[in-house]
1. Name the single residue that is farthest from residue 350 (Cα to Cα) among those in the stretch 159-180 being without any contact (Cβ under 8 Å) to a residue 60 or more places away in the chain and not hydrophobic (A, V, I, L, M, F, W, C).
2. Can you tell me which residue is nearest to residue 145 (Cα to Cα) among those in the stretch 191-222 that are among the polar types (S, T, N, Q) and open to solvent by 20 Å² or more (accessible area, probe 1.4 Å)?
3. Regarding residue 226, is this residue more than 21 Å from residue 149 (Cβ to Cβ), at pLDDT 95 or above and either touching a Lys or Arg at 6+ places or on another chain (Cβ under 7 Å) or open to solvent by 40 Å² or more (accessible area, probe 1.4 Å) (or both)?
4. Residue 155 is checked against (1) open to solvent by 10 Å² or more (accessible area, probe 1.4 Å); (2) assigned to a strand (DSSP E or B) and fails just one. What number does that condition carry?
5. Please verify whether the stretch 350-359 includes one or more residues that are at pLDDT below 85 and more than 19 Å from residue 72 (Cβ to Cβ).
6. Determine which member of the set 176, 187 is part of a strand (DSSP E or B), open to solvent by less than 20 Å² (accessible area, probe 1.4 Å) and not aromatic (Phe, Trp, Tyr).
7. Does the stretch 291-335 hold any residues that are touching a Gly at 6+ places or on another chain (Cβ under 6 Å) and not acidic (Asp, Glu), and which are they?
8. Tell me, please, whether a residue that is modelled with pLDDT of 95 or more and part of a loop (DSSP other than H, G, I, E, B) can be found in the stretch 193-201.
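The values are calculated or read from the model by the stated rules, or taken from the named source; none is laboratory data. All figures in this text were calculated on a predicted structure; none of them were measured in a lab. All Cβ positions, glycine included, derive from the backbone under ideal geometry; neighbour counts span all protein chains shown. Quick note on the areas: whole protein, heavy atoms, side chains included, nothing else; ligands and nucleic acids left out. Shrake-Rupley method; radii C 1.70, N 1.55, O 1.52, S 1.80 Å.
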Amino acid sequence: MHSQPVELAAREVMKAKTAGGGRRGLRPGGAPVPGPGALGFGGYEKVKVQVRRGEPSPRPGARRAVRACGLNFADLRRRGCTSGCRAARLPRHGVRRHRVGDKVMVLARAGLWQEVVTVPASQTYLMPDGMSFEEAAAFLVNYITAYMILFDFGNLRPNQSVLIHMAAGGVGTAAIQLCKTVENVTIFGTASASKHDALRESGVAHPIDYRSMDYVEEVRKISPKGVDIVLDPLGGSDTTKAFNLLKPMGKLITYGVANLLTGQKKNLMAMAKTWWNQFSINALQLLHLNKAVCGYHLGYMDEEFELIGGVVAKLVSLYSQGKIKPRIDSVWPFEQVADAMRQMQEKKNIGKVILVPELPKEEPKKEDN
């Protein structure tokens, strides 16, 4: 099973070490891990910082000093492990060689929660002017996902309507901003009530509290025919509800199974319930209903260099024009990764949760004479 990609912001370097000659990275549990694919079990307290001595293992690509990493919802299931990490093939043409000191964004399957990483040039993109390292770490996975769902699959056009689940999360906030680049798009967004003011400010016309309301009924009250596009990261019975909410010629794009995650540890009952209620339909039914169902997983496109590179170029252009800007919820040092995971798992975040090797040290205030 492919894991979701992760992203970071880094500076191109030739060598990078900690003062003690070791490199720090996040691994499940406190003991050394024998290699990629070794897993720890339990709650978030099992994810700890590990110091490893010596140089990184030789791999194709250039060395990067990590400044910030994005925390994604899929990481809550993987517990920050590096299983599935591998170097992508370098394309023969079209890759710009970065210079020492360049600021880059990195997109990889896993293994980026470290102070120093080695990745191929095909997985790096120059940061646009004015972008912070934290914004860069919040950019690639969320905005690529939202863009391809809305425009490549969804074919979003003016005067359409969109339902965005988990609207206050990383992909949700990216999708809202991208919807605002199209004229007169009506946005419905599900989130807890405490986040509704922030959603309205960002452009959501109809925030819905999924905890106290039936979002299907709320959408139908405002738009009896339903919506044109549904972004579904939930899975289970919510995918069936999403399909039934589509207008004729509507599109459902499913890109996650967040309903599987009910706490820090695996809940077999919740997993069984989600899979039992998983949406299923055949081609003949689609023919009669005039609706489309699409599945999206960025992790299965890690070698689609031209496709992903084209999307990133469009997104960087939108950023440079001021039309999109990553929203950062909070920044956590590696040592507090468990707290960062809880922040996301308990759905307290509005925007992206970021990990950094160390928080910048505050300069001591000068006393007035």
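1. Step one: filter the stretch 159-180 for residues without any contact (Cβ under 8 Å) to a residue 60 or more places away in the chain, giving 159, 167, 172, 175-176, 179.
Right, trim to not hydrophobic (A, V, I, L, M, F, W, C) and you get 159, 172.
Values: 159: 27, 172: 9 Å.
Taking the candidates together, the pick is 159.
2. First pass over the stretch 191-222, keeping only residues among the polar types (S, T, N, Q): 192, 194, 202, 212.
Still in the list and also open to solvent by 20 Å² or more (accessible area, probe 1.4 Å): 194, 202, 212.
Numbers: 194: 25, 202: 19, 212: 28 Å.
Among those that are among the polar types (S, T, N, Q) and open to solvent by 20 Å² or more (accessible area, probe 1.4 Å), it is 202.
3. On the way: more than 21 Å from residue 149 (Cβ to Cβ): no; at pLDDT 95 or above: yes; either touching a Lys or Arg at 6+ places or on another chain (Cβ under 7 Å) or open to solvent by 40 Å² or more (accessible area, probe 1.4 Å) (or both): yes.
No: the conditions fail for residue 226.
4. Unmet condition: (2).
5. So in the stretch 350-359, the residues at pLDDT below 85 come out as 358-359.
Now narrow it down to the ones that are more than 19 Å from residue 72 (Cβ to Cβ): 358-359.
Yes - at least one qualifying residue is present in the stretch 350-359.
6. Numbers: 176 fails: part of a strand (DSSP E or B).
Within the list 176, 187, the selection yields 187.
7. If we filter the stretch 291-335 for residues that are touching a Gly at 6+ places or on another chain (Cβ under 6 Å), which is where we start, we get 291, 327-329.
The answer is 291, 327, 328.
8. Looking for residues that are modelled with pLDDT of 95 or more and part of a loop (DSSP other than H, G, I, E, B), one finds none in the stretch 193-201, hence no.
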